[in-house]
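Okay, structure first, notes after.
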Amino acid sequence: MGGLTGGCQCGAVRFSLAEIPNGASICHCRMCQKATGSPYGAYAPISRDALTFTRGAPKLFRSSEIAERGFCADCGTPLTYRNISSARVSVTICSLDDPDALAPESQLDADNAVSWVRDCLTKPNTQIDDWLKSKSVADVGSHQQPDHD
Ligand SMILES: [Zn+2]
Ligand SMILES: [Zn+2]
């Protein structure tokens, strides 16, 4: 297997993984909510040596005494989480080129989950094509890096 690759939305930071992550998880803690702007963070851990940045590098924010988070300084995409004292690092699952490559096997701090997180996926859905039509958008003209190098 060629290994997983990923990167940020603008493409300034790209990475590849030399091993398949083991023990993917989601975290509902307030710091992960804030760092991702989302209900929870979703992470795939690997050994630090197995993560190579093939283009650019993330900017690092020391979010606590024990943790450092990497993100693209140009577009803001959250990319990594690392416990400072750990030999492992996690990449955010949905920054992978294939966000379906790994599924979380556990959660952390579920007691802190936002109250609507379990219900929201049962809400009414609009297909994206219908949504675009309703906004009279023929083509969004994406500036997003394609899901490959
Ligand atoms: Zn970027
Ligand atoms: Zn967390």
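Some notes on this structure:
- None of ARG62, ARG88 is basic (Lys, Arg), within 16 Å of ligand 2 (Cβ to nearest atom) and surrounded by 14 or more Cβ atoms within 10 Å (Cβ to Cβ) except ARG88.
- Close pairs (8 angstrom Cβ cut-off, 6 or more residues apart or separate chains): more than 20 Å from GLY41 (Cβ to Cβ) in the range 14-26, charged (D, E, K, R) anywhere: ARG14/ARG55; ARG14/ASP149; ALA18/ASP49
For every residue, the table says whether it meets (1) aliphatic (A, V, I, L, M); (2) surrounded by 13 or more Cβ atoms within 10 Å (Cβ to Cβ); (3) away from ligand 1 (no atom under 15 Å from the Cβ).
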residue	(1), (2), (3)
ALA44	yes, yes, yes
ARG48	no, no, yes
PHE53	no, yes, no
ILE66	yes, no, yes
ARG69	no, yes, no
CYS75	no, yes, no
TYR81	no, yes, yes
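- Close pairs from the range 128-146: first surrounded by 10 or more Cβ atoms within 10 Å (Cβ to Cβ) and among the polar types (S, T, N, Q), partner modelled with pLDDT of 95 or more and part of a helix (DSSP H, G or I), Cβ under 8 Å, at least 6 apart: none
- Qualifying residue in the range 1-23 (condition: farther than 25 Å from HIS143 by Cβ, within 13 Å of ligand 2 (Cβ to nearest atom) and not β-branched (Val, Ile, Thr)): no
- Among the residues making up the range 35-82, those that are without any contact (Cβ under 8 Å) to a residue 24 or more places away in the chain and among the charged types (D, E, K, R) are LYS59, ARG62, GLU65, GLU68.
- Subset of the range 1-42 (residues that are in a strand (DSSP E or B), within 15 Å of ligand 1 (Cβ to nearest atom) and in contact with a helix residue (DSSP H, G or I) (Cβ under 9 Å, 6 or more places away or on another chain)): GLY6, GLY7, PHE15
The values are calculated or read from the model by the stated rules, or taken from the named source; none is laboratory data. Here the structure is a predicted model, which is why all the values come from computation and not from measurement. FYI the Cβ positions are ideal-geometry reconstructions off the backbone, even for glycines, and counts take in every protein chain you see.
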